[in-house]
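The values are calculated or read from the model by the stated rules, or taken from the named source; none is laboratory data. All of these numbers come straight from a predicted model, not from anything done at the bench. Note: ideal-geometry Cβ built from the backbone for every residue, glycine included; neighbour counts use all protein chains shown. Just the protein is used for accessible areas: all its heavy atoms, side chains included, with ligands, DNA and RNA removed. Shrake-Rupley method; radii C 1.70, N 1.55, O 1.52, S 1.80 Å.
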Amino acid sequence: MKIMPTNKIGILGFGCVGQGLYDVLQDNQQLEVARICVRDKNKERKLPASAFTFDAQELLQDESLVILTELISNPEEALVLIRQALEAGKTVVSANKKAVAENLPELIALQQKYGSRLLYEAAVCGSIPILRTLEAYYADEPMQEVSGILNGSSNYILTKLDTEGCSYEEALRQAQELGFAEADPTLDVAGHDALHKICIIAAHAFGVLVDVKEVLRFGIAGITAEDIDLAHKLGARIKLVASAKYNVVQQLEVQVLPTFVWPDNELYYVQHEFNGVVLEAKYAGSQFLKGRGAGSHPTGSAVWADVTAALKGYKYTYPKLKPVKTQLADDTIQIYLRLDGEKCIPNLRWQEVVSFGVSLNKVQLVGKIKRSELMQHQAYLEGCDGFVATLPSGVSLNAFVQKAIQHEQVTA
Ligand code: HSE
């Protein structure tokens, strides 16, 4: 005998994630989908017109819904809807990382004031249950570090460039076609999406509410075959890594940077749209979580996990939340920089620098520099398609350059 679902769910947005959730809900039959709110009245859809509404208020004001899922891509509109739902005391599940990351203090305050609930596992690392792990399992254990590959599209592009010699444009087009990329893919390739995710992680792992504007961020948009070749010569791969970790004087370092990784690093093996997260907990030690970080069903699965958890009463408690603003560390980092030869190298205050690939066409150098100094030149470097990547602190600049030059001499 078929049991009819008694709980009704509202879905705002029917893009890649909304459709993924819908498929999962159809398989499970535990919840009835009340209505799906979409914007475009002319788009052809796989469901009958009666399944849809164009008025979000129809869902927001429907008292019969036990849960509202916000899965639209526009972060400003998403924020307005989440705010309204939380003010009405509702339970909301969102996948919108930008809206959550940039407004977390307000969203936490609204939940406290109105007794409402907001869950957003699907906003971070697709199918990997990272927030639940940090919130529930590591609620009382201090974390030393959380870092990893948090953007599926960039990782997909890097994998295609690295293993198939695909062009950047072609790899990005595929990432868009496969439903991995954001509506505005600049969010993916310029590192904003990974930045939003690491800021959300920082709130749950360390109790620190990070202002996205204070974080050093570079993406992969300026990468060329030359950078990929260099990584090959060095026996490394370039990955977009977002990290938040305490330094030796217990200040939190947060950054999003393309990073040279070698085969001794778990992240080296995270390919295509997969994400990978390294956790370093005080007593448990190191752990590594890997899973699909983007795509319709993996992300739909994460929304579904939040929906069912919320129905059983689960909510975030932000167990480590610090009441005062945390000053982020401004340490020295090691970077590789490549610029088109016609562009001016900005006058950076290096603590140490070695240039090795200077020709009419390009300038390549490695050096040590403060995060804040690099941030000041971020807009210029991004504007002229420069490529910045970091080298782990254990890698010697001279050894890096020697290896790069040796190869040039052999192949010259
Ligand atoms: N555009 C995102 C990514 C989707 O590529 O990771 C999942 O958050």
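General observations
- Checking every residue in the stretch 105-113 against the condition of being more than 24 Å from VAL212 (Cα to Cα) and either modelled with pLDDT under 95 or surrounded by fewer than 21 Cβ atoms within 10 Å (Cβ to Cβ) (or both) gives at least one match.
- Boolean, ALA221 is open to solvent by 10 Å² or more (accessible area, probe 1.4 Å), part of a loop (DSSP other than H, G, I, E, B), small (Gly, Ala, Ser) and modelled with pLDDT under 95: no
- Candidate set: the stretch 291-305, residues that are hydrophobic (A, V, I, L, M, F, W, C) and outside any loop (DSSP other than H, G, I, E, B); chosen: the one nearest to the ligand (Cβ to nearest atom): ALA302
Let's see how each residue does on (1) touching a Lys or Arg at 6+ places or on another chain (Cβ under 9 Å); (2) part of a strand (DSSP E or B); (3) under 20 Å from LEU110 (Cβ atoms):
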residue	(1), (2), (3)
GLY18	no, no, no
GLU32	yes, yes, no
ARG45	no, no, no
THR69	no, yes, yes
SER73	no, no, no
LEU81	no, no, yes
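- In the stretch 123-206, counting only helices (runs of 4 or more DSSP H) that sit wholly within it, the ones holding 1 or more residues that are under 17 Å from VAL100 (Cβ atoms) and under 13 Å from the mean Cα position of the chain (by Cα) span 186-189, 192-205.
- Residue list for the stretch 83-108, restricted to those being assigned to a helix (DSSP H, G or I) and within 24 Å of LEU311 (Cβ to Cβ): ARG83, GLN84, ALA85, LEU86, GLU87, LYS97, ALA99, VAL100, LEU104, LEU107, ILE108
- Test: residue in the stretch 243-255 that is within 16 Å of the ligand (Cβ to nearest atom), in contact with a helix residue (DSSP H, G or I) (Cβ under 7 Å, 6 or more places away or on another chain) and not hydroxyl-bearing (Ser, Thr, Tyr): no
- Search result, residues across the stretch 114-133 that are open to solvent by 10 Å² or more (accessible area, probe 1.4 Å), touching a residue at least 40 places away in the same chain (Cβ under 8 Å) and more than 15 Å from the ligand (Cβ to nearest atom): ARG117, ARG132, THR133
- Tabulated pairs, the stretch 365-384, first polar (S, T, N, Q), second outside any helix (DSSP H, G or I), C-beta under 8 angstrom, 6+ apart or interchain: SER372/ASP330; GLN378/LEU216; GLN378/ARG217; GLN378/PHE218
- Every residue from the stretch 236-281 that is aliphatic (A, V, I, L, M) and open to solvent by 40 Å² or more (accessible area, probe 1.4 Å): VAL248, VAL249
- Taking first residues from the stretch 195-216 that are of a type in the set (Asp, Glu) and partners that are open to solvent by 10 Å² or more (accessible area, probe 1.4 Å), the Cβ contacts under 6 Å between residues at least 6 apart in sequence or on separate chains come to GLU214/LEU328.
- Matching residues, the stretch 68-89, being in contact with a Ser or Thr (Cβ under 8 Å, 6 or more places away or on another chain) and surrounded by fewer than 22 Cβ atoms within 10 Å (Cβ to Cβ): GLU87, ALA88, GLY89
- The stretch 166-193, subset over 14 Å from GLU273 (Cα atoms) and among the aliphatic types (A, V, I, L, M), residue surrounded by the fewest Cβ atoms within 10 Å (Cβ to Cβ): ALA183
- Within the stretch 157-174, none of the residues are near the ligand (Cβ under 10 Å from one of its atoms) and closer than 27 Å to VAL208 by Cα.
- Residue tally, condition farther than 14 Å from ASP227 by Cα, among the polar types (S, T, N, Q) and at pLDDT 85 or above, over the stretch 381-412: 4
- Figure legend. Inter-residue proximity from the stretch 246-267: first residues more than 29 Å from LYS322 (Cβ to Cβ), second residues open to solvent by 20 Å² or more (accessible area, probe 1.4 Å) and assigned to a helix (DSSP H, G or I), beta-carbon distance below 7 Å, spacing 6+ or different chains. Indicated pairs: VAL261/TYR268; TRP262/TYR268.
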